[in-house]
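To start, the structure under review is shown below, and the notes come after it.
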Amino acid sequence: MRKKISTTFNSLLFMFPSLIIIGIFLLYPLITSAYLSFTDYNFVYSIKPVFTGLVNFRSLFSDTYFLIALRNTINYTIVFFPLTILISFLLALLLNSKTRGVSFFQATLLLPIVVPLSLAGVMFTWIFAEDFGILNYILGDILKLPQITHFWLAEKETALNSLAAVGIWKYFGFCVILFLAGLKAIPIEIYESAEIDGANSLQRLIYIIIPNLRGSFLLVGIWTIIQAIKVYDQVVVMTKGGPGNSTLVLYLYAWKNAFEYFEMGYAQTVALFVGALAFIISALFNLFIKSERK
Amino acid sequence: MFKRFVVILIIIMLLGIAITSLSYGKELKIIAEAWYFDKYPLEKAAENFIKDHPDVTFEWSKTGDFEVAPLMLAWSRDNYITDIAIVATPAEAVAFQAKGLLVDFEDILKGEYAKDKWLEGFLSDCTINGKVYAIPTDGEIMTLIARKDYASEAGLTDANGNIIPPRTLDDFYNYLKKLTIKDASGKTIRYGMDVNWSREYMILTYFSGIQALRGTIYDENNDLDFSSKEALNLLSFWRRGVEEGLISTSSLVDHSGPRNSMKSGLAAIMWEDHARVVEVGKVVGHDKLEIMPIPDALTNGTISYCMSLMIPKTAQNIELAKAFVLEQFNADWFAHYLMDNWGKLLGLKKPLEARKNELVWKTVSEILENTVSLPHMVDHARLVDIVTTEIQNMLKLEQTPEETLANIRQKSANLDLIK
């Protein structure tokens, strides 16, 4: 008994520095942020936060701009989520083959990961430019398809999708790694048995690869949804939420409330909403993984 | 013996510390938005200041554009992080002063720096409740900048080769038609004009048009004007220009769009601040550009705005900071350097008056006569967002000018817009 207590005490002692750091840099800001979301607090004009209960949360759903931001974030997710999974899965399949030069392409596809998203945003702003952008140049002057050229970031129909394209470019490399890890983990014997049974490529894909990659799909799926919900960097760099409110997303709206309108209380409410969305999805993921293990 | 040794050692250490601190003198800490370090001769100003004040040293630090919150936090907690903050606009100074965080400059605005020696629009922009809490660092007026060579080709210049300014919006529309070039398919290859409708400029651009056309930015009820006939005419003119491919919308996603259009010859006129005439001139040639008043701006003026510097109450060298601001930051050489290299004005009238024989500065002076600055507003940022969103929606042809003005009135009805 004494030994058990001593072991627990020692464990706690070793954990203490980490707990202190987590407490100061994670729990304290989180609790303060959660508290502020229940207050009316203008950073500039209020003397101190005034507790208002659920007023901020009720305001969310009558706030036109919040609803626009929510709609845009969902629309972004609808484009970003399936395309990232599809593109990265197909590329992982290609890179998993034993073709010459595969390692070169593996390295190349990972390059976007090391480019900061803010820098990529500046680069893509030029690529998407109406008059001198390389995309319109390729479409209009090289492919002779001027009818499909656009002012990509200034048109309501294309602005959000252009931002999603930048997000996909940035993140698909990481998803390819996750899929590749899953593909490498499939035992070679399964493929060999399937080959003996006369399974063709499509049958191998449907009956062997996809079922065995369920874990990877879940991981990539949840990760991409979270990336989509917290989209911010490329929006700030490329459109600042415009034109009009076409690309106003949740995190940008939280930032605006905090640092442009100085409404810290309300900004925390928006941020908490985003955090709650991400948390719910993560919890669902954990539940799913646990049920899979059982 | 040992005790005596320790006492002597302590005395020597204390003397050392005292001598060291005396020899260091005073350190002036200055924090500025990063771009100032590229455009402003800050180091030379510091060198000059040190010649007159040999005991002073400088410590510079950079901050991002409009990073108000970190400074507000630090100053609210009585932290000394800087003696001078060259950040943001006087609109942000209002936010700082709402918490009583700034030192006023009233005591030094005397003699050659008396209030009447400053350009009125800029100094009034820096005045909060009757006291000056900021000093203009980058004064500009909203105007048109036009390509003389294109105007000449279109027959819009006088015998001296100077552009004949359009007198009305209808005139202006005809100018744009003459200046716009389209290819066989009807695609615009050179726009008559590029207007800065980005979030950073929208409210300035809109009210510069209103001030020029009406001579005031207020309506009959003394509210900001989103209802007059001129407001409707201005929006209709813009929308029509965009719809017909005469005006570029490059600024909807990039606030540098108009200047890039001018530099690359994609636009014949830009509607932005006057300072761009120097920046664009470096690329296309100064002789090819002219500042052109917005219709009626010579009579009614336009909108001026400025960036500013502030001294927080937590500064440790307030008098020294004020001395640096007057002796170097507002020195003639500093002002002329900025005018020559970046087209920017400082607050004092003298440098501008000395250059009135040059066409660019003569026109700027004339427009400045009746130019006003925007009022300080608690909900400035919200109004900017509303006006930007609604006018951008109109420019995307999603709504009419009438609907645009109605939406702005309705959405800004509950804002705190102090005049």
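Since every read-out is calculated from the coordinates, none of them should be taken as a lab result. A quick note: this is a predicted structure, and the numbers were derived from the prediction, not measured. Here the Cβ positions follow ideal geometry from the backbone for every residue, glycine too, while neighbour counts run over all protein chains shown.
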Determine the calculated [θ] at 222 nm for chain B from helices alone, applying -39500 (n - 2.57) to every DSSP H run no shorter than 4 residues and normalising by the residue count; nearest 500 deg cm²/dmol.
-13000 deg cm²/dmol
For A:F217 and A:V55, what is the calculated FRET efficiency with R₀ set at 45 Å and r taken between the beta-carbons, to the nearest 0.05?
0.65
Spin-label pair B:N160/B:D116, simplified geometry with 7 Å Cα→Cβ offset, distance in nm
3.1
Ranked by GNM mean-square fluctuation in chain A (Cα springs under 10 Å), the top entry among A:D131, A:D40, A:D233 is A:D131
Take every Cα pair under 8 Å in the range B:105-260 that's 6+ residues apart, average their separations, divide by the length, and report that relative contact order as a whole percent.
18
Are there DSSP H segments in chain B that both extend 24 Å or more along their axis (alpha-carbon positions) and score a mean Kyte-Doolittle hydropathy of at least 1.6? List them, or say none.
B:2-24
If a/c stays under 1.5 just call it rounded; otherwise compare a/b with b/c (prolate if a/b is bigger, oblate if not). Do that for the range B:9-145, with a ≥ b ≥ c from the square roots of the Cα gyration tensor eigenvalues.
prolate
If amide H atoms are built 1.01 Å from N in the plane of the peptide, which residues on other chains or at least 5 residues away come under 5 Å of the amide H of B:L348?
B:L119
Averaged over residues of A:156-166, the number of beta carbons from other chains lying within 10 Å of each residue's Cβ is 1
Mind checking the mean number of beta-carbon atoms from other chains within 10 Å of the Cβ atoms in B:253-261?
4
Of all trypsin sites (Lys or Arg not before Pro) in the range A:86-187, the ones in DSSP coil with at most 12 other Cβ atoms within 10 Å are A:K98, A:R100, A:K144
If you average the C-alpha positions of the range A:253-282 and of the range A:1-39 separately, how far apart do those two centres end up, in angstrom?
25
Just want the ordering: A:I186, A:I142, A:I68, from fewest to most Cβ atoms lying within 10 Å of their own Cβ.
A:I142, A:I186, A:I68
Grab the beta carbon distance between A:N200 and A:L86, set R0 = 22 Å, and tell me the FRET efficiency rounded to 0.05.
0.55
Testing the spin-label approximation: label points 7 Å from Cα along Cα→Cβ at A:L94 and B:T168. State their distance in nm.
6.2
Length-normalised contact order of chain A in % [C-alpha pairs under 8 Å, at least 6 apart]:
28
What percent does the relative contact order of chain B come to when contacts are Cα pairs within less than 8 Å and at least six residues apart?
23
Which pairs in the list A:K240/B:K62; A:K230/B:K187; A:K170/B:K182; A:K240/B:K178; B:K39/B:K117; A:K48/B:K411 are over 30 Å apart, alpha-carbon to alpha-carbon?
A:K230/B:K187; A:K170/B:K182; A:K240/B:K178
Can you give the FRET efficiency for B:D223 and A:R71, using 1/(1 + (r/R0)^6), R0 = 25 Å, r = Cβ-Cβ distance, to the nearest 0.05?
0.20
With the cut-off at 24 Å, tell me which of the pairs B:K26/B:K322; B:K29/B:K282; B:K322/B:K349 have Cα atoms farther apart than that.
B:K29/B:K282
Between the range A:165-226 and the range B:21-71, how far is it from one alpha carbon centroid to the other, in angstrom?
57
Can you pull the mean other chain C-beta count within 10 Å for peptide B:389-399?
4
Among all the aspartates and glutamates, which ones have a C-alpha under 19 Å from B:K350's C-alpha, if same-chain residues fewer than 8 places away are not counted?
B:E112, B:D116, B:E120, B:D125, B:D138, B:E140, B:E327, B:D332, B:D340, B:E358, B:E366, B:E369
Per residue of the range B:188-198, what does 6.51 cos²θ - 1.76 cosθ + 1.60 with θ = phi - 60° give for ³J(HN,Hα)? Whole Hz please, x for Gly and Pro, Karplus curve as stated.
6, 10, 9, 7, x, 8, 10, 9, 7, 9, 6
If you average the C-alpha positions of the range B:127-191 and of the range B:288-366 separately, how far apart do those two centres end up, in angstrom?
21
